[in-house]
Structure formats: C-alpha cells, structure tokens
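Since the structure comes first, as structure tokens, the remarks are kept for the end.
The values are calculated or read from the model by the stated rules, or taken from the named source; none is laboratory data. From a predicted model like this one, the values you see are computed outputs, not experimental measurements. No Cβ is skipped: glycine too gets one built from the backbone with ideal geometry, and neighbour counts run over all protein chains shown.
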Amino acid sequence: MTVSEIAKLAPQQVWKHFAKLCEIPRPSHHEQGVIDYIISLAEQRGLSYEIDSAGNLIVRKPATPGMESRLGVVMQGHMDMVAQKLPNIDHDFTKDPIRAYIDGEWVTADGTTLGADNGIGVAIALAVLESDDIPHPAVEGLFTVNEECGMSGALGLQPGILKGDWLFNIDTEEEGELYVGCAGGRDIEIRLPAKRTATPDGMVGAEIIVGGLKGGHSGVDIHLGRANANLLTNEFLQRALELDVHVAQFDGGSLRNAIPRDATTYVAVPDKNFDALCRLAETMTAEFRQRFGDIDPNIQIQINAAARPGTVFERGFIETLITTLAKCPNGVLRMIEDLPNVVETSDNIARITSDEQEVRIEISARSSVEHRKDELCAHIQSLFESIGATVTQSNDYPGWQPDMQSPLLALARDVYQRLYGKVPETKVIHAGLECGVLGAVYPRWKMISYGPTITGAHSPDERVRIADVGKVWDFTKALLAAVPEKA
C-alpha cells in the first residue's frame, strides 16, 4: 500500500498530515518544506504564526468558546527526522519522499527511516490546530528544528515568546507510558593527527565491511546490548594486524545518536595473506554471532578486493589507536538505583572516519545526573588527549528532572485510566527529549511526554503501530478538554 492509503487510515485528521510529511524531505537542517506546509495550513485556518531566531515555527490558536480561562497548552514536536537507509537503497533524503507503506498493523518505510519520530507528533499537533470540533484551551504549536542533530532549535528558543502553562511533548515511543524525565547529553569530537607512510611493496588492497547489525537509537536502545560496528571493527583489526594488515581509511557508523550498524575499513594486506584475512572474517563472524546471539544475530564480516592504497597509517599509530578505542567506555555505564531498568549514564562510539590528515571519532554521552556526564566526558577527553588527540565537547543539553507531584501528570494519569481502564506507566527516558532544554528556558512549565508505539527508531526498521496513533489522538483530545482553569 502507498502513501495515499496511509492518508486514509483512522484517525484521518492525523494520518493525512503524516502522509504529507512523508512526501516532504526533512532531514536535520532541511526543514523548510515542512515549515512551508505548516504555514500554508495556518494561513488557511486564519491562525497567527511566527518563526523565531532559531528557525522554530510557532502557530497560535485561540481557545474554543468556554475554554478561554483554562491554562494554555504548548503542543510540541520536532520537524526533522533521522536520515538512515540500508546500504543497497538509493535514496537522497534532501530530495526524495519517504516510501511509506502499510505492513499489517504497522506503517513502515521501504529501506529507510520512516520519520514517525517525530512526524506523528507533528501530525497530531497539526490536527488540533486545524480542527473546528475539538474543545481546547489556547494552544501554541511549537515545531522545532534540528532536534536529531544537536537540538539547536530547542537550545535557541528564547524566554517570553511562548505564553502557555503546560507542555505536551508528543515524542516518546511506547503507547501507555507517560514520560516525566529524560537524560541530558553532550557530543565529544576527537581529532587525532594521522601518521602515514607509503604502502609497503607486495601489498594488495582490501575492503573490510562489518554489517548486518541492528543498530538503533543510542539512548533508548542502548540497554539492549546490541553490537557496535565500530568496536567490532576495532576488535577485528586487532587480530588482523597479525596478518601484517595496514589500515588506510576508516568509515564507520553514521549519526551521533545511532548505534553503528555498519563500518567499512580500507586496508593493504600482503598478497599471500589475503585468503587468510578472508578466513579470519569467517571465524570472527561466527565468534561475534555466538557472543551476541539473538540480540544481534545477523552480524557479518565481508572482505572484498579493493584498489591498493598509496599510503597507510603507520603501524605504531594504528596499534595505539586500537588499544585506546578498546579502553574507551561504550554502552551502559550506570543504572538509576531508584528506577528499575532505567539507564542513568551511557555513551556511544558513533562515528569513526579518516582522511590523509587525521582520524575523527564522534561519541555521544548521556546521563540524567549532570556530574556523572561531566566525569564521563572528562575521562574520554583525558584518554584520547594522552595519545595526542584534540578533543572538543559540544552540544551540551540538560536533563529533565522528574516532578512526580505535577498536576499535569496527575491529570494525564486520570484521563488515560478513564479512557482505557488502566493506569499508564510513569517513566524516565534515557534519551535527550527537548523537554529538558525547553524546561530550562520556561521553568514554570509543567511538562509531559507521550506518543504511539514506534520500534526501530533511527534505523531503516522504524515502524509505528497504527492502532496506537488512534489511542494517542483520543488521549490528546481528552487531555486538552480536561485542562483546568487558571489559578
């Protein structure tokens, strides 16, 4: 089924907007098409709007009759999406529409990320703004830019521009859960000056591809223990050095907030050892599959013939780099003691690339405890500075501390129980919701985050459960209708 069939799903008020968003290219830093679409809708409905200095779009809708004295609500979602595709898929995220389709009880995409994160949240907010039959207080739609690549939209939001009292962030991925806290994060960039030499005689070129991994979101999926393609590559190279392999180029991972699914390394290997390198790949594929089992069952190391590189990294340089990467923390480092099964601190070695001048490593660190985030980043910085690297920390954003006594949380729990006969779970997420950033700018806000069930976010396996979109839509309408009077 095509995008046109998706637009006909119930609730049609929501799905028609999501179907349209699938047709609009919107990777991070390329949200203008979505902005134009939302502005067109606002103008058709006679709603006021503005674009702030950070590029965020704000659309304002007055309260419906009889709701004018209620607390104002900000409905918030981000316009960008993660751009990930399978290696064999030809797709330009800046130009091509998402090929979304219905697969049983889910909507997914053909070989790419779907963009339900956060297209569904945006679509729900648009459905409220467009409606003429939903009771609600004054609503401001806050549509942020660049959430998936640094949160620059949320970080650039200025105080005073929004007038609401409560924030509904529709950007979490498990229906029936209400989120009241999140981790903060920081990016670490490592630049290690390269030491290179001419490729020795008697060498042939080879391409090493580590692939078939599940990947996933480096926050919400980090506790699953999935393999990291960069670290598997590092381990493979450690063994391959025994075959006199010389490394020429790294290209591992993709985005800072995605667990690396694949990594490609170009090497030179003695002609006589090429077959042995292929056998090592088979051996370590089996070892990795046994180690990770059902967690990551399709790991594959592939060796292909490639052009012979003119230069390679010096042996001592590569040995030092491999040893340092093996020492670098990765994955879950600490759990929250008072909340079972919630990660407190983690990191993800997201990207390793190189050119003739340097090796670049990108790491994403997360923690719901600020000083532990500081300690982790300082440790990583010290580790790589000790081998001569320049380390930069950037894109720091705060966490969101839970308020278990929030009147918004109490109301949301009551509304959900009335609708569905059960109390929703209250959770803290190990990911960087914009709530943490927005709450620092508007500290008086009461905030909550929720959404439909989305699996495989940030990967080509992303999908959203159709029925849950309807449940979240009904919950949103009921919650808006129940917003209390201003004090």
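Being in a strand (DSSP E or B), among the charged types (D, E, K, R) and in contact with a Phe, Trp or Tyr (Cβ under 8 Å, 6 or more places away or on another chain) is the filter; apply it to region 180-198 and report the residue that is farthest from residue 410 (Cα to Cα). If we take residues in region 180-198 being in a strand (DSSP E or B), among the charged types (D, E, K, R) and in contact with a Phe, Trp or Tyr (Cβ under 8 Å, 6 or more places away or on another chain), then 196 is farthest from residue 410 (Cα to Cα). Selection of region 102-130 for residues being of a type in the set (Gly, Ala, Ser), over 20 Å from the mean Cα position of the chain (by Cα) and buried (at least 21 other Cβ atoms within 10 Å of the Cβ) yields 125, 127. Looking only at residues of region 440-468 that are part of a helix (DSSP H, G or I) and in contact with a Leu (Cβ under 8 Å, 6 or more places away or on another chain), we find that the one that is surrounded by the most Cβ atoms within 10 Å (Cβ to Cβ) is 466. Please verify whether residue 65 is in a loop (DSSP other than H, G, I, E, B), in contact with an Asp or Glu (Cβ under 7 Å, 6 or more places away or on another chain) and of a type outside the set (A, V, I, L, M), treating the condition exactly as stated. It is false that residue 65 is in a loop (DSSP other than H, G, I, E, B), in contact with an Asp or Glu (Cβ under 7 Å, 6 or more places away or on another chain) and of a type outside the set (A, V, I, L, M).
State whether one or more residues within region 205-227 are more than 30 Å from the chain's Cα centre (by Cα) and in the same structural domain as residue 334 (by TED's automatic domain parsing). Within region 205-227, one or more residues are more than 30 Å from the chain's Cα centre (by Cα) and in the same structural domain as residue 334 (by TED's automatic domain parsing). When each of 292, 317 is tested for being surrounded by 17 or more Cβ atoms within 10 Å (Cβ to Cβ), among the hydrophobic types (A, V, I, L, M, F, W, C) and either within 25 Å of residue 195 (Cα to Cα) or modelled with pLDDT under 95 (or both), the lone residue that passes is 317.
Considering only residues in region 7-37 that are assigned to a helix (DSSP H, G or I) and touching a strand residue (DSSP E or B) at 6+ places or on another chain (Cβ under 6 Å), the one that is farthest from residue 452 (Cα to Cα) turns out to be 35. One residue stands out in region 380-427 among those that are among the basic types (Lys, Arg) and exposed (fewer than 13 other Cβ atoms within 10 Å of the Cβ): the one that is farthest from residue 175 (Cα to Cα), namely 418. Taking the criterion of being of a type in the set (Gly, Ala, Ser) and buried (at least 16 other Cβ atoms within 10 Å of the Cβ), the residues of region 8-32 that qualify are 19, 28. Looking at region 322-371, the strands (runs of 3 or more DSSP E) lying wholly inside it that each contain 2 or more residues that are β-branched (Val, Ile, Thr) and surrounded by 20 or more Cβ atoms within 10 Å (Cβ to Cβ) sit at 343-354, 358-367. Residues in region 171-205 that are surrounded by 24 or more Cβ atoms within 10 Å (Cβ to Cβ) and either within 22 Å of residue 281 (Cα to Cα) or hydroxyl-bearing (Ser, Thr, Tyr) (or both): 172, 179. Does region 231-263 hold any residues that are within 22 Å of residue 221 (Cα to Cα) and in a loop (DSSP other than H, G, I, E, B), and which are they? Listed by number, the residues that qualify are 254, 255, 256, 257, 259, 260, 261, 262.
Which of the residues belonging to region 62-87 are surrounded by fewer than 22 Cβ atoms within 10 Å (Cβ to Cβ) and over 26 Å from residue 256 (Cα atoms)? 62, 63, 64, 65, 66, 67, 68, 69, 71, 72, listed by residue number.
Need the failing condition index for residue 108 against (1) in contact with an Asp or Glu (Cβ under 8 Å, 6 or more places away or on another chain); (2) free of Cβ contacts under 8 Å to residues at least 60 places away in the same chain; (3) among the hydroxyl-bearing types (Ser, Thr, Tyr), just the number. Result: residue 108 fails condition (2) only. Regarding region 208-224, can at least one residue be identified that is in contact with an Asp or Glu (Cβ under 6 Å, 6 or more places away or on another chain) and without any contact (Cβ under 8 Å) to a residue 60 or more places away in the chain? No, that holds for no residue.
Scanning region 404-422 for residues that are under 17 Å from residue 339 (Cβ atoms), at pLDDT 90 or above and either in a loop (DSSP other than H, G, I, E, B) or not assigned by TED's automatic domain parsing to the domain that holds residue 472 (or both) yields a total of 2. Does residue 330 satisfy the condition of being under 25 Å from the mean Cα position of the chain (by Cα), touching a residue at least 60 places away in the same chain (Cβ under 8 Å) and at positive phi? Answer is no for this residue.
Conditions tested, residue by residue: (1) in a loop (DSSP other than H, G, I, E, B); (2) hydrophobic (A, V, I, L, M, F, W, C); (3) not assigned by TED's automatic domain parsing to the domain that holds residue 425.
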| position | (1), (2), (3) |
| --- | --- |
| 133 | yes, no, no |
| 141 | no, no, no |
| 162 | yes, yes, no |
| 168 | no, yes, no |
| 174 | yes, no, no |
